[in-house]
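To keep things clear, I will list the structure first and then write my remarks on it.
Nothing in this text is a laboratory measurement; each read-out follows from the coordinates by a stated rule. Computed from a predicted model, the values in this text were never measured in an experiment. All Cβ positions, glycine included, derive from the backbone under ideal geometry; neighbour counts span all protein chains shown.
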Amino acid sequence: MFNIQFVIGASFIVFSALALFKALSGSPFSFVIPLATGMNFLMTVAVGYFLFNDRLSIASYIGFVLIMAGVFLISLNSQSQA
């Protein structure tokens, strides 16, 4: 349970939560949530790839691009309604 990869992963989760709380205290919810969702997803894929040597297939890359496009579209919709 106390291997270095677990500690680093848990640290990223705690840091992400603290950053989200700080961002929500100073910015509109409709701006922060799409941005935080995209960043969390991007960081999860990056940490998995570089730290845990997780290799992505073509389907994974396509799914990643579609999810990021969806987050981008949601953020555009949120900004136009704000």
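The figures follow:
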{"read-out": "Residues (among the hydroxyl-bearing types (Ser, Thr, Tyr) and closer than 18 Å to SER16 by Cβ) located in the stretch 33-74", "value": "THR37, THR44, TYR49"}
{"read-out": "Residues that are over 16 Å from the mean Cα position of the chain (by Cα), closer than 24 Å to GLY70 by Cβ and hydrophobic (A, V, I, L, M, F, W, C), drawn from the stretch 30-60", "value": "LEU56, ILE58, ALA59"}
{"read-out": "Residues that are aliphatic (A, V, I, L, M) and touching a Leu at 6+ places or on another chain (Cβ under 8 Å), drawn from the stretch 1-22", "value": "ILE8"}
{"read-out": "Subset of the stretch 1-40 [closer than 18 Å to LEU76 by Cα, surrounded by 12 or more Cβ atoms within 10 Å (Cβ to Cβ) and aromatic (Phe, Trp, Tyr)]", "value": "PHE31"}
